[in-house]
Amino acid sequence: MINFTLPSLFALIFSCLSIISNAQISSNVNFRGQLTYSNDLADIWGWRNPADNKEYALVGVTNGFSIVDVSIPESPNQVQFVSGTNTLWRDVKTWGNYAYVVNEGGGGLLIVNMSNLPGSISTFSWNGGIGFARAHNIFIDENGIAYLCGSNGSLGTLMLDLNVNPTNPPIVGSYTTRYVHDLYVRGDTMWTAEINNGIFSVIDISNKAAPVVMATQSTSSNFTHNLWLSDNGQYLFTTDEVSGANVDAYDVSDLSDIRELDRFRPGTGPNSAPHNVFANGNFLLTAWYRDGLRITDATQPNNMIEVGWYDTSPLSGSGFNGAWGVYPYLPSGNALVTDIEQGLFVLTPTYVGAAFLQGLVTDQSSGLPLFNATVSIAGTSASSLSSILGQYATGLANAGTYTINVSRAGYVSQSISGVSLSSGSTTILNVALVPSTAFTLNGQVENAATGSGIAGAKVLLESASSTFEATANSSGSFAIAAFPGDVYDVYAGSWGFSTILLDDLSLNLGAPVLLLPLNFGYADDFMLDQGWTVSGDAVAGIWERGVPIGTSFGGVQANPGADIPGDLGNKCFVTGNGGGAVGFDDVDDGETILTSPVFDLSGGGDPYVNYHRWFYNGGGSGTPNDSLIIRLSNGSTTATLEIVTVSTPGNSSWQSRSFRILDYLALSANMQIIVSTADRPGSGHLVEAGFDGFSISGAVPPGCSPPTGLFTSNLSSNSARVNWTPVPGALNHQIQGRKVGTSNFRSITTTASSRNIASLSPGTSYEWQVRVQCAGGGISAFSPLQTFTTLIPKTGVEFSAHFEPNPAVNFTHMVISLDQDQQLLRRVMDLSGRVVLQDQVEGLSGIHPYPLDLSKLIPGYYLVELAGDMGTQQLPIVVSR
């Protein structure tokens, strides 16, 4: 664990990453051009030169101020650069032909006269005669008053009148009540984002020498970073600069009753952080760090809907990299975005109105509104919870026809199909839910192979509004009383069996016993508690099972923000899961050990252990020196599978690993995997680890051995019979065969203990093997390979055959004379040559009758072809009725 102040944290979280290609994910935003820099970028503003109508991007860079001609958006061109103090924070605004640039490194206010662009500029430095050196941000209102917030010392938020002298403006007031991180001013009202207090303030500045606070309001994540006012002045939009935060919308039309209306997050995951939001008409454009530019339709501030995006960053999740700022006000309609690592982007948004959906959810019996009902648009992430008045509001960017799902605890879920949603308009859909009748849900967890109950099996049932857990009794049965009917995802598992998921299962009154069959196998996605144990002496960050909450440090993911993709559910084991600051719940002052239940591999085979692991080690003093160690034990010996350190490739991401167990240990009935990590005493480094997707592949259940007693019989030139000793309790057998010297096997399955193999080549050597699916549900290893060689046909010898009777009605005998045993192929063909019947005949030496069923043939004339080692014969037969 490490301790740090807020400034030192911010100084660490911006890291320089390599430039990548600009092929990014986007919607309703077109890429036009990009300009990369060798230094990180900060904020952005734009300006049009009234002399020639050229458009410029005014870019804050860590080592100065860049002016870029973006009149040809496909070819942005830097025309001027002003070097400055090296700092992560640099902000710029304009008044007339002047740019005003502040930074947190020092050097005062930079004033740039841009009248002669692109040819030349002139620069001025302003300190106000009061020692002004730095500020975090700047805003210039419609009256030419500049506001410098986050100033050094006790200067507070300075107010300068640019109209008096644009290169040496006088100070006309200041606000010092609280630290201001960013602000917005319209008329005589100043709106301040007071980040350290987690609030915004509304301040009367009609007398700028004596500002008066009229109202304050906390924001949803208590870290108020930036804000912007709607065109009509009724709504304020804010961002909180923390992982998982939102764009908040507030009704500020009555300052005595400020009301939060909605919170918006993009559908990219729960952990990304917003930075700066701007209103452009009814749309909000937000620089959303690792999620790039996000565009929101705020026509209905109580129902903000994302309608466009352009992801400038290759990173995702929590972390302070990616899009810093956006300027959406160029006359051309182009938007400018600064990505800290990737450079300046010139983009063209298409502002598409959202397709809104709203309505009322009520109880069908009483007509009363229902609170906390979930309304979702199937196939999308759009959803809403109904208010205490039963009202809901949601929507999405793409118009179309959708299915709407509505659910609430204690009610039968509804799916309404064919609901048409149109861009820029609102569809009203009122839904009356039918109360569900609570009942007792009975279930049975059983071995899929044997049908026997599995004692102690775990069951998890989740609907949109309810969660239930159960443990099977000694016979595998469970019962849940007062169970509300609904649509559920059902998980069932037990150690030694593979967990199953039955999704979208409708369970209502009258439902039959819920049967949950499990197959043999060791696999755990950690949606269920299957008995893994945690030990060790760490004081924090001990292993725990849950939905991971991401953290990051220096722009690098520390604790994972999600479990592995594609497995069952959303849980895994992580070392501490408290979220918040990166050092809050990492491993501290000791070791934490995760140990699996015992798994029995005494059945043999060639098993592999598979898992995904996560490791992060950073921060602190000196080179990080902690590790993640994964070991395997057979009860008497323990082997190390891997030691993961700070230099191991793939850290800060889920890594899939697989190890052949026999390369490390002998198999036993007492196998366990052990996952441990530790924070070395006195090092103070951050340590985070994760473990998910555990499985054993290729395991043979105890008592499930391959067949024995293999031999070959009935050899002929084109067939053979393979045989083995019957295996008690076998469900079926898989036989594999191939020509000796070839690589690919052909497979067939049988429940018997022998099988005739036909269509072989004469005088050819073959090899074969067989394995068994046991009653316990497992599959044995293959038996050792057996070989045989087919016979070479004799030449010059004929065989004879005739039918008794012929003509025949439904049945006849084919009387065949042979001088040796052989396999015969018999085919019945109509006069067109089409084969209508075909079978194999086990031919015995001598004269023997062989039955032929003709009942499925229509009356007529047929040819019967008989083929064997002695050659081929065709005999006519007449079928009559």
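Read-outs: derived from the displayed coordinates by stated rules, not from any lab. Quick caveat: nothing in here was measured; it's all calculated off a predicted structure. Reconstructed Cβ throughout: ideal geometry from the backbone, glycine too, with neighbour counts over all protein chains shown.
Identify the trypsin sites (Lys or Arg not before Pro) of the range 819-849 meeting these criteria: DSSP loop state and at most 13 other C-beta atoms within 10 Å of the C-beta.
Numbers: sites: ARG826, ARG827, ARG834; in loops: ARG834.
Filter output for the range 819-849: ARG834.
At R0 = 22 Å, how high is the FRET efficiency between MET829 and ASN756 if r is their beta carbon distance? Nearest 0.05 is fine.
Numbers: r = 23 Å, r/R0 = 1.03.
Step by step, r from the Cβ atoms, then E = 0.45.
Gain in length, ASP606 to ILE847, computed as 0.36 nm per residue apart minus the alpha-carbon separation, to one decimal in nm?
Details: separation 241, 0.36 × 241 = 86.76 nm, distance 5.10 nm.
Length difference between fully extended and current span is 81.7 nm.
Determine the calculated [θ] at 222 nm for the chain from helices alone, applying -39500 (n - 2.57) to every DSSP H run no shorter than 4 residues and normalising by the residue count; nearest 500 deg cm²/dmol.
Values: 1 runs with 8 residues, N = 881.
Theoretical 222 nm ellipticity from helices: 0 deg cm²/dmol.
May I ask for the net charge around ASP567, where only other residues with Cβ less than 12 Å from the Cβ of ASP567 are counted and Lys, Arg are +1 while Asp, Glu are -1? Spell out each step's value before the answer.
Details: positive: LYS571; negative: ASP524, ASP525, ASP563, ASP692.
Computed value for this residue: -3.
Using all alpha carbons of the range 749-868, what is the percent of pairwise distances in each 5 Å bin, ordered from the shortest bin to the longest?
2, 8, 15, 16, 15, 13, 11, 9, 6, 3, 1
Under the classification rounded if a/c is under 1.5, otherwise prolate if a/b is larger than b/c and oblate if not, where does the chain fall, given a ≥ b ≥ c as square roots of the Cα gyration tensor eigenvalues?
Working: a/c = 2.38, a/b = 2.24, b/c = 1.06.
Judged from the Cα gyration tensor, the chain comes out prolate (a/c at least 1.5, a/b above b/c).
Only loop residues by DSSP count here, and only those with at most 15 other Cβ atoms within 10 Å; note down the chymotrypsin sites (Phe, Trp or Tyr not before Pro) in the range 66-141 that meet that.
Numbers: sites: PHE81, TRP89, TRP95, TYR98, TYR100, PHE124, TRP126, PHE132, PHE139; in loops: TRP89, PHE132.
Counting only loop positions with at most 15 other Cβ atoms within 10 Å, none of the chymotrypsin sites (Phe, Trp or Tyr not before Pro) in the range 66-141 qualifies.
Label the range 640-736 by shape, choosing from rounded, prolate and oblate, from the square roots a ≥ b ≥ c of the eigenvalues of the Cα gyration tensor; if a/c is under 1.5 it is rounded, and otherwise prolate applies when a/b is larger than b/c, oblate when it is not. Could the numbers behind the result be given before it?
On the way: a/c = 4.42, a/b = 3.13, b/c = 1.41.
Cα axes put the range 640-736 in the prolate bin.
Nearest 0.05, what FRET efficiency do GLU260 and SER697 give at R0 = 60 Å with Cβ-Cβ as r?
Values: r = 51 Å, r/R0 = 0.85.
Working from the Cβ atoms, E equals 0.70.
Nearest 0.05, what FRET efficiency do THR123 and THR467 give at R0 = 56 Å with Cβ-Cβ as r?
Values: r = 63 Å, r/R0 = 1.12.
It comes to 0.35.
Given 0.36 nm per residue, what is the gain on full extension from SER817 to THR440 after removing their alpha carbon distance, in nm? Spell out each step's value before the answer.
On the way: separation 377, 0.36 × 377 = 135.72 nm, distance 7.07 nm.
Length difference between fully extended and current span is 128.7 nm.
In nm, what is the difference between 0.36 nm times the number of residues separating ASN625 and GLN873 and their Cα-Cα distance?
Details: separation 248, 0.36 × 248 = 89.28 nm, distance 8.24 nm.
Net length gain for the segment: 81.0 nm.
Got the relative contact order for the range 294-399 handy, in percent, Cα pairs under 8 Å and 6 or more residues apart?
Numbers: 202 pairs, mean separation 24.5, N = 106.
Computed over the range 294-399, the figure is 23 percent.
Counting other C-beta atoms within 10 Å, and keeping those with at most 15, which DSSP coil chymotrypsin sites (Phe, Trp or Tyr not before Pro) do you find in the range 494-579?
Values: sites: TRP495, PHE497, PHE520, TYR522, PHE526, TRP532, TRP543, PHE553, PHE573; in loops: TRP495, PHE526, TRP532.
When the chymotrypsin sites (Phe, Trp or Tyr not before Pro) of the range 494-579 are filtered for loop state and at most 15 Cβ neighbours within 10 Å, nothing remains.
Can you check what the net charge comes to around PRO484, using other residues whose Cβ is under 13 Å from the Cβ of PRO484 (Lys, Arg +1; Asp, Glu -1)?
-1
Can you give me the Cα centroid spacing of the range 512-576 and the range 597-669 in angstrom?
When both Cα centres are located, 16 Å separates them.
List the lysines whose alpha-carbon lies under 21 Å from that of LYS458, not counting same-chain residues fewer than 8 positions away?
Output for LYS458: LYS571.
Between ARG657 and VAL79, what is the label-point separation in nm under the 7 Å Cα-to-beta-carbon projection?
Taking the two extended label points, one gets 5.7 nm.
Kindly provide log₁₀ I(q)/I(0) values, in the same order as q = 0.16, 0.24 Å⁻¹, from the Debye equation applied to equal alpha-carbon scatterers of the range 507-594.
Debye intensities relative to I(0), on a log10 scale: -0.74, -1.22.
Scanning the chain for GluC sites (Glu not before Pro) in DSSP loops with at most 13 other Cβ atoms within 10 Å, what's the longest stretch left with none? Mind showing how you got there, number by number?
Details: sites that count: GLU74, GLU142, GLU798.
Formally, the longest exposed-site-free interval is 143-797.
I'd like the per residue volume of the convex hull spanned by the Cα atoms of the range 196-258, given in cubic angstrom. Please report the intermediate quantities before stating the final value.
Working: hull volume 5.7 nm³, N = 63.
Once divided by residue count, the hull of the range 196-258 is 91 Å³.
Report the equivalent ellipsoid semi-axes for the range 689-795 in whole Å, largest first, defined as the square roots of five times the eigenvalues of the gyration tensor built from alpha carbon atoms.
The equivalent ellipsoid of the range 689-795 has semi-axes of 33, 16, 9 Å.
Under a plain spin-label model, where a point goes 7 Å from the Cα along Cα-to-Cβ, how far apart in nm are ILE643 and ALA666?
In this crude label model, ILE643 to ALA666 measures out at 2.7 nm.
How about LYS93: which lysines have a C-alpha closer than 22 Å to its C-alpha, ignoring those fewer than 8 places off in the same chain?
List returned: LYS54, LYS208.
What does the charge count near GLY292 come to, summing +1 for each Lys or Arg and -1 for each Asp or Glu among other residues with Cβ under 10 Å from its Cβ?
Numbers: positive: ARG290, ARG294; negative: ASP291, ASP311, ASP339.
After counting each charged neighbour, the total is -1.
From the square roots a ≥ b ≥ c of the eigenvalues of the alpha-carbon gyration tensor of the range 282-359, which class results: rounded (a/c under 1.5), prolate (a/b over b/c), or oblate?
oblate
Starting from the 7 Å offset along Cα-to-Cβ, what nm value, one decimal, do you get for the label separation of ASN165 and ASP188?
2.8 nm
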